[in-house]
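Read the structure below first, then the notes.
Readers should treat all values here as calculations from the given coordinates under stated rules, not as data from a laboratory. Computed from a predicted model, the values in this text were never measured in an experiment. Don't worry about glycine lacking a Cβ; one is built from the backbone with ideal geometry, like all the others, and counts go over all protein chains shown.
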Amino acid sequence: GSRPQSMSLVSQCGDEQVSGEYNKHYVTLKQIGKGAYGCVKMAYRRSDRLLTVAKFILKEKVGAQFWVDAPDGRRVPLELSLLLTLKHPNIVSVIDVFENEKYFQMVMEKHGAGMDLFEFIERRPRLDEPLLSYIFRQIGQAVEYLHSLNILHRDIKDENVIIDNKFHVKLIDFGSATFMSKDTLFSTFYGTTEYCSPEVLAGNKYAGPELEMWSMGITLYVLTFFVNPFSDIEDTIQGPLAFPQVVSEDLEQLLRWMLCKEPASRCSISQLMAHPWIRQPVVIANYVFHEIVDCDRHEANPEMYYSGSLGSPRSGSPVSLADPMVKERSNPSEVA
Ligand code: ADP
Ligand code: MG
Ligand code: MG
């Protein structure tokens, strides 16, 4: 699928991004992603050539409510402050932070070959349910951890999850995240419309966890069927949940529960993590990454190859470009 950009939000990448102290420590390589709040590029550390991923956050694009005071008194984007504080095996970690006049330069660990679940899905992986459960439960573990700290991610979707060749996944992109409290309701949605719950699309205020469970439900549905469950806002609010293929009873029940239109009856994170489909046994050592998903040598074994400079022909059958069911990347937007 193509990757549509919401018009005014796209920022241009240039030399201004890398200038300053950051540039003394890192060499910036090719761009790997381009989204709402800036650019993401591969970069290696000059001292030891450690390959990393650098996200350049344009200060003027960070909304007023997304700034916090760091312990040293500086104003920093919440996205950055959260990722510096959080420590979890399923959340990306930050290695270094720099800033210049216009940008924050956030250097992150490079997890695997840098494949996100959008690209993973685009390659039509041959997943069975135990493997799907293994992948999805790790997102659940990250969200359980976040909610226990009263943090809402608010932009959970395939492209904000990265996967390595051991099927280990990590949550990224805390650009829409916020703190929640029991007695405060939100009235603005900052995530991605396709992943937004019906009650929030209908204009209701929200507490948070129930919205996050819906986004996770969409993510699980997309991982299962490679298509979005709903075609537009109206369909999300009104449309029935259809199942394009037969899945196990447990998975169907879980999807219906996570994508329940009524927020009060929707599956909670603790109910999700206790669900038999999530807790089913899986022997992950039995799955070989390049047998499940078509990929090139460096994606199958990134630790053996260096920064993509080696020519790497694809193994297996090439990914079809003319796919009838195009699923598009979509950017976060505000829904008032
Ligand atoms: P945006 O806020 O613009 O969406 P993200 O933080 O989601 O930016 O990064 C954009 C894309 O870059 C992601 O969808 C993913 O493909 C890639 N990416 C970001 N961080 C990493 C990382 N640490 N490792 C590998 N890929 C990453
Ligand atoms: Mg993103
Ligand atoms: Mg973002």
For a quick check: with amide H placed at 1.01 Å from N, whose amide H comes under 5 Å from Ala202's, ignoring anything fewer than 5 positions away on the same chain? none
Helix-only [θ]222 nm of the chain, DSSP H runs n ≥ 4, -39500 (n - 2.57) each, per residue, nearest 500: -7500 deg cm²/dmol
With a sphere of radius 12 Å drawn around the Cβ of Glu144, what net charge do the other residues whose Cβ falls strictly inside it have (Lys, Arg +1; Asp, Glu -1)? 0
Between Leu185 and Asp48, what's the calculated FRET efficiency when r is the beta-carbon distance and R0 is 51 Å? Round to 0.05. 0.60
Which helices pass in the chain if a helix is a full DSSP H run, must span at least 18 angstrom along its long axis by Cα, and must have mean Kyte-Doolittle hydropathy not below 0.5? 209-225
I want the local charge near Arg256. Using Cβ-Cβ distances under 13 Å, sum +1 for each Lys or Arg and -1 for each Asp or Glu among the other residues. -2
Going by average Cβ neighbours within 10 Å, how do the peptides 285-294, 166-175, 127-136 rank, with the highest at the top? 166-175, 127-136, 285-294
Cleavage-rule hits, trypsin sites (Lys or Arg not before Pro), the stretch 229-283, DSSP coil, Cβ neighbours within 10 Å at most 16: Arg279
Ranked by how many other beta carbons lie within 10 Å on average, peptides 147-155, 177-185, 206-214 from highest: 206-214, 147-155, 177-185
Overall Cα dimensions of the stretch 125-236, principal axis frame, Å, largest first: 41, 33, 21
Listed by chain and number, the residues whose amide H is under 5 Å from that of Thr52, excluding neighbours fewer than 5 places away on the same chain and using placed H, are Ala43, Tyr44, Arg45
So who's got an amide H within less than 5 Å of the one on Asp96, skipping anything under 5 residues away but keeping other chains? H placed 1.01 Å off N, in plane. Val107
For the stretch 75-121, which GluC sites (Glu not before Pro) are in a loop by DSSP, counting at most 15 other Cβ atoms within 10 Å? Glu101
Give me the aspartates and glutamates in straight-line cross-link reach of Lys261: C-alpha distance below 20 Å, same-chain residues under 8 apart excluded. Asp155, Glu194, Glu199, Glu210, Glu212, Asp232, Glu234, Asp235, Glu249, Asp250, Glu252
How large is the dipole of the chain about the Cα centre if only Lys and Arg carry +1 and Asp and Glu carry -1, each at its Cβ, rounded to the nearest 20 debye? 700
Quick check for you: which residues of the stretch 239-278 have the amide N under 16 Å from the point 7 Å beyond the Cα of Asn204 toward its beta carbon? 239, 257-268
Quick one: of Lys30/Lys157; Lys61/Lys170; Lys24/Lys110; Lys102/Lys205, which pairs are farther than 22 Å apart, Cα to Cα? Lys30/Lys157; Lys61/Lys170; Lys102/Lys205
Could you give the semi-axes, largest first, of the ellipsoid that matches the chain, computed as the square roots of 5 times the alpha carbon gyration tensor eigenvalues and rounded to whole Å? 30, 26, 18
